[in-house]
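**Student:** One structure is given below, represented as C-alpha cells, and several questions about it will come after.
The values are calculated or read from the model by the stated rules, or taken from the named source; none is laboratory data. This structure is a prediction, so every number in the text was calculated from the model and none was measured. Neighbour counts run over all protein chains shown; Cβ positions are idealised from the backbone, glycine included. For the accessible areas, the whole protein counts, side chains as well, though only heavy atoms, and no ligand, DNA or RNA atoms are used. Shrake-Rupley method; radii C 1.70, N 1.55, O 1.52, S 1.80 Å.
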Amino acid sequence: MNVIILGSGGCVSTPRACCNCRVCTEARQKGFPYARTGCSLFVEDVNVLIDTPEDINASLNHAGIQKVEHILYSHCDPDHTMGMRVIEQLKMDWLAGSLGKKTDDPIEIASLPAVLQDIKKQGTRYGSAIEYYEAKGLVYTKEIRVFEKDHILIELIPADEQEHVAIFIISSSGKKIIYAPCDVKPFPESEKFQGADVLIIGNTIVGDVLKDGFILDEDNPLRKELFTLDEVDAIRRQYGIQEVIITHLEEDWGKSYDDYKGLEKGLDSIHFAYDGLKVKL
C-alpha cells in the first residue's frame, strides 16, 4: 500500500502570495519541500486522489502522477475543492470535443451522500460545476461509504452527526492508514481506528508562538477548532496508533521545513508532512 501526501499546506499555500516573511521568502527561493501546496493525498495502488485544492495541478505534476481514475472528497470547504477544474485538465480534449467525441474513461467523483450533495452546490451562475463536468462526460458521481478496488479498501467514516465531513481509513493486507485532513475536532469515536499503522491528520496548531510572534492565548477560539500536539498524541495513544503525520500545515504557524524537522526531534512518534512525502506499508 502506497500513499503520497501531494500537498501538506493549509488554507493558505506556502509561500503566500505577496508575503515576504522569513518562511515565505525561503519557500520562494528553495521550492519544495519548503514550499507547500494545498492539502491532498494520492493512493498510488488504485489511482485515487483525495481532495482538489486550487493548486492540485501543480501538486500532481510535482509528484509525477501519471493517472487519476477516482476523486474522493473529504468535505466541501474551498481549500479542498476549488481546484476541481483539474478535471478539465485531466479529461477535457477540446479538439476531440469539437468533433462530438467524449472520453471513454470518465473519472469517478465520490464521497458520503451529504458531502457529495454539498459539492454539487458549488458552481457559478451557470450551475453546479460537478454536474457540468458530468454532463460533458468527464466524470460520473457516486454516493459511497466504502471504496474497494483490487487489494485496497477505503472506508469513509463520518466526522460529525450530519456527515458533512469524511475521515478515510485506507487498508490492505492487514495494514491501515487513517487520513483525517480537516474539520475533525472533536475526533469521532470508532473501533475501526484501533491499531492503525499511521494517522495522517490536519486541524492542528503547532506551537503557542506563531507567525510574527503572535501569542496563542489559552482562550483563543482556535483552540476549540484545532488540535494541539498533545491532543493529537492523546488520539494516538487512545487507539494504539504507531505513527502520526501532521498535515494541513498553515503558513500562519510561521514555521519552515527546517523548523518542523527540528520539532520532530522532541516528539514521540509524531512527524510533519511535506509535499511529496511517500508512506509505504
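**Student:** Return the pair list, or none, for Cβ contacts closer than 7 Å from residues in the range 93-116 that are farther than 26 Å from residue 163 by Cα to residues that are hydrophobic (A, V, I, L, M, F, W, C), at least 6 apart or on different chains.
**Tutor:** 103/138; 106/138; 106/139
**Student:** Right, here's the next one. Taking the conditions exactly as written (open to solvent by less than 80 Å² (accessible area, probe 1.4 Å), at pLDDT 95 or above, over 30 Å from residue 225 (Cβ atoms) and part of a strand (DSSP E or B)), does residue 148 satisfy them or not?
**Tutor:** No.
**Student:** Checking the structure you have, find out if any residue of the range 25-32 is assigned to a loop (DSSP other than H, G, I, E, B) and within 27 Å of residue 206 (Cα to Cα).
**Tutor:** Quick first cut of the range 25-32, residues assigned to a loop (DSSP other than H, G, I, E, B) only: 31-32.
If we keep only those that are within 27 Å of residue 206 (Cα to Cα) as well, we get 31-32.
Yes, the range 25-32 contains a residue that is assigned to a loop (DSSP other than H, G, I, E, B) and within 27 Å of residue 206 (Cα to Cα).
**Student:** Hey, another quick one. Could we say that residue 172 is over 14 Å from residue 239 (Cβ atoms), modelled with pLDDT of 95 or more and among the hydroxyl-bearing types (Ser, Thr, Tyr) here?
**Tutor:** It is true that residue 172 is over 14 Å from residue 239 (Cβ atoms), modelled with pLDDT of 95 or more and among the hydroxyl-bearing types (Ser, Thr, Tyr).
**Student:** Let me ask another. In the range 56-86, which residues are acidic (Asp, Glu) and either part of a helix (DSSP H, G or I) or touching a strand residue (DSSP E or B) at 6+ places or on another chain (Cβ under 7 Å) (or both)?
**Tutor:** Answer for the range 56-86, where residues must be acidic (Asp, Glu) and either part of a helix (DSSP H, G or I) or touching a strand residue (DSSP E or B) at 6+ places or on another chain (Cβ under 7 Å) (or both): 69, 79.
**Student:** Could you grab me the full set of residues in the range 152-168 that are β-branched (Val, Ile, Thr), in contact (Cβ under 8 Å) with a residue 40 or more places away in the chain and more than 20 Å from residue 2 (Cα to Cα)?
**Tutor:** Matches in the range 152-168: 165 only.
**Student:** Next up: Which residues, counting only those in the range 189-213, are under 20 Å from residue 153 (Cα atoms), in a loop (DSSP other than H, G, I, E, B) and open to solvent by less than 30 Å² (accessible area, probe 1.4 Å)?
**Tutor:** 190, 196, 197
**Student:** Can you name the residue in the range 125-145 that is among the hydrophobic types (A, V, I, L, M, F, W, C), in a helix (DSSP H, G or I) and modelled with pLDDT of 95 or more and is also least open to solvent (accessible area, probe 1.4 Å) among such residues? Walk me through it before giving the result.
**Tutor:** Let us first name the residues in the range 125-145 that are among the hydrophobic types (A, V, I, L, M, F, W, C), namely 129-130, 135, 138-139, 144.
Filter once more, so that each one left must be in a helix (DSSP H, G or I): 129-130, 135.
Pick out the ones that are also modelled with pLDDT of 95 or more and you get 129-130.
Values: 129: 25, 130: 0 Å².
Across the range 125-145, the extreme among qualifying residues is 130.
**Student:** Let me spell it out: the conditions are (1) in contact (Cβ under 8 Å) with a residue 60 or more places away in the chain; (2) farther than 19 Å from residue 43 by Cβ; (3) open to solvent by 10 Å² or more (accessible area, probe 1.4 Å); (4) of a type outside the set (Ser, Thr, Tyr), and residue 238 meets all of them except one. Which number is the exception?
**Tutor:** (1)
**Student:** Moving on. Is there any pair with a first residue in the range 180-198 that is among the small types (Gly, Ala, Ser) and a second that is open to solvent by 10 Å² or more (accessible area, probe 1.4 Å) whose Cβ atoms are under 6 Å apart and which are 6 or more apart or on different chains, and what are they?
**Tutor:** Correct list of pairs: 190/157; 195/240; 196/176.
**Student:** Could you go through the range 151-169 and let me know if any residue there is open to solvent by less than 70 Å² (accessible area, probe 1.4 Å), part of a loop (DSSP other than H, G, I, E, B), over 20 Å from residue 195 (Cβ atoms) and at pLDDT below 95.
**Tutor:** yes
**Student:** Mind listing whichever residues of the range 189-229 are more than 24 Å from residue 7 (Cβ to Cβ) and β-branched (Val, Ile, Thr)?
**Tutor:** Residues satisfying the conditions are 209, 215.
**Student:** For the range 91-122, what are the residues that are of a type in the set (Gly, Ala, Ser) and open to solvent by less than 50 Å² (accessible area, probe 1.4 Å)?
**Tutor:** Result: 96, 97, 110, 111, 114.
**Student:** May I pose another question? When residue 227 is evaluated against the numbered criteria (1) buried (at least 17 other Cβ atoms within 10 Å of the Cβ); (2) over 19 Å from residue 41 (Cβ atoms), which criterion, by number, is the only one it fails?
**Tutor:** For residue 227, the failing item is (2).
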